[in-house]
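Let me begin by presenting the structure, written as structure tokens, before commenting on it.
The values are calculated or read from the model by the stated rules, or taken from the named source; none is laboratory data. All values derive from a computational prediction rather than experimental measurement. Here the Cβ positions follow ideal geometry from the backbone for every residue, glycine too, while neighbour counts run over all protein chains shown. Protein only, heavy atoms only, side chains kept; ligands, DNA and RNA dropped before computing areas. Shrake-Rupley method; radii C 1.70, N 1.55, O 1.52, S 1.80 Å.
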Amino acid sequence: MASADQFNMQNPLTQYPQPKFPEQPQPVPGLASKMQPVPDHGETSYKGTGRLNGRKALVTGGDSGIGRAAAIAFAREGADVVINYLPEEQSDAEEVIKLIEAEGRKAVAIPGDLKREAFCKKLVETANNELGGLDLLVNVAGRQKAIADISQLTTEQFDETFKTNVYALFWICKAAVPLMPEGSSIINTASIQAYQPSATLLDYAPTKSAIVAFSKALSKQVLPKGIRVNIVAPGPFWTPLQTSGGQTQDVITAFGSEVPMKRPGQPAECAPIYVFLASQESSYITGESFGVTGGNTLP
Ligand code: NAD
Ligand code: MG
């Protein structure tokens with residue numbers, strides 16, 4: 001289903017699968033390899049042009065979905081890449097490691113739970129040591145679980161979602177900023193949910209608003225150090241986050257039908273904006289949020 005490469009002109013409406021999709025529940029965090037259809041992360045299609053030659057990147061959530069697409073694209077653009085993920089996702093992660101190494105780039109796999117501050121700190125230190133520096137930080141890891149009614153939303157879930165999506169981002173940025181040289185770029189992953197929240201995502205949506213505000217504030221704080229911070233805000237993307245409980249299965253079968261593009265985005269379609277924000281091409285851009293939403297425009 002992938003096109004020849006990301007430059008191949010074609011109709012975006014029919015470029016990728018459209019609903020209906022089969023029901024396909026998986027336990028959290030889910031594996032990309034078990035999805036039907038299997039998502040396109042650019043494995044066969046993403047073509048690099050040297051835009052990140054010699055760069056050193058840490059990508060959280062790099063095993064699957066949007067993070068995998070960014071990790072593959074970064075390697076094809078010439079970067080060495082550390083990926084973080086949960087231990088249950090080892091098989092997805094191994095596919096990514098092989099793809100990065102196939103580009104002749106260094107790939108380092110560091111599994112672990114970002115809900116722990118000590119681990120976040122260690123992850124950044126290890127990434128910095130393994131790569132001999134760190135100039136790209138791409139926070140993609142996240143958690144989403146749809147709950148229909150506030151009475152069913154537990155304090156435990158509320159806490160876990162904020163720990164994963166917001167606290168971890170804070171801990172990772174806190175550890176990384178002092179290590180990052182001038183010219184570095186931080187890219188954080190919010191969501192259209194920050195701007196147009198769904199009724200079932202009372203905990204998730206505000207984490208994404210928090211990510212937008214945190215990133216904008218951080219962009220002002222670290223600009224004097226020569227570091228830029230930007231935000232990617234995706235719409236519906238075909239990833240395990242969604243199929244493993246991010247949405248109910250009735251939403252999954254029609255996933256993407258609600259946006260003007262009438263289909264979900266494939267992770268590969270998110271990669272170019274991460275590459276652009278990572279590279280020096282975006283030198284005058286910081287503190288901005290970029291929608292990749294299939295036509296559901298952001299404010
Ligand atoms: P995904 O499931 O492929 O990626 C999410 C990753 O988060 C997992 O692979 C896992 O490695 C990581 N993760 C979750 N909890 C973790 C923890 N405690 N410790 C370490 N890692 C953990 O799904 P995705 O959709 O590619 O999600 C990536 C990001 O994109 C998330 O931040 C998500 O909120 C955001 N996003 C996704 C969509 C969408 O429709 N898929 C839309 C908007 C925003
Ligand atoms: Mg995963």
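Values for this structure:
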quantity	calculated
Cα pair count fraction exceeding 13 Å, expressed as % - the range 206-264	69 percent
Three-way shape label, the range 138-275, alpha-carbon gyration tensor, a/c 1.5	oblate
In order through the range 183-190: 3J(HN,Hα) via Karplus (6.51 cos²θ - 1.76 cosθ + 1.60), integer Hz, x for Gly, Pro	x, 5, 9, 10, 10, 10, 9, 9
Candidate residues Lys174, Lys115, Lys47: accessible-area rank, largest first, probe 1.4 Å	Lys174, Lys47, Lys115
Distant-in-sequence amide H partners of Phe237 (H built 1.01 Å from N, under 5 Å)	Gly265
Accessible surface, per residue, of the chain when the full set of protein chains is kept, probe 1.4 Å, Å²	42 Å²
Selection of chymotrypsin sites (Phe, Trp or Tyr not before Pro), the range 230-299, meeting DSSP coil and at most 13 other Cβ within 10 Å	Tyr284
Protein-only accessible surface order, largest first, of Met9, Met35, Met261 at 1.4 Å	Met9, Met261, Met35
The chain, helix-only ellipticity at 222 nm - DSSP H runs n ≥ 4, -39,500 (n - 2.57), divided by all residues, nearest 500	-9000 deg cm²/dmol
Residues with amide H under 5 Å from that of Gly291, placed H, sequence gap 5 or more	Ala233
Per-residue ³J(HN,Hα) for the range 21-33, Karplus 6.51 cos²θ - 1.76 cosθ + 1.60, θ = phi - 60°, Hz, x for Gly and Pro	10, x, 4, 7, x, 9, x, 5, x, x, 10, 4, 5
GNM result for the chain, Cα springs below 10 Å: residue of Ala175, Ala57, Ala69 fluctuating most strongly	Ala175
Long-range HN-HN contacts of Val82 with modeled amide H, under 5 Å	Ala57, Leu58, Val59, Val108
Calculated FRET efficiency for the pair Thr126/Lys47, C-beta based, R₀ 45 Å, to 0.05	0.90
Local electrostatic count, Lys163, Cβ distance below 12 Å [Lys/Arg +1, Asp/Glu -1]	-3
Asp250 - accessible surface, heavy atoms, 1.4 Å probe, Å² rounded to 10	100 Å²
Per-residue SASA entry for Lys98, accessible area with 1.4 Å probe, Å² rounded to 10	140 Å²
Tensor-based shape of the range 1-151 (alpha-carbon gyration tensor, a/c under 1.5 rounded, otherwise prolate or oblate)	oblate
Between the range 115-137 and the range 238-279, the Cα center-to-center distance that results, in Å	28 Å
Whether the chain is rounded, prolate or oblate, judged on the alpha carbon gyration tensor where a/c under 1.5 counts as rounded	rounded
Computed label-point distance, nm, for sites Thr253 and Thr154 using a 7 Å Cα→Cβ extension	2.8 nm
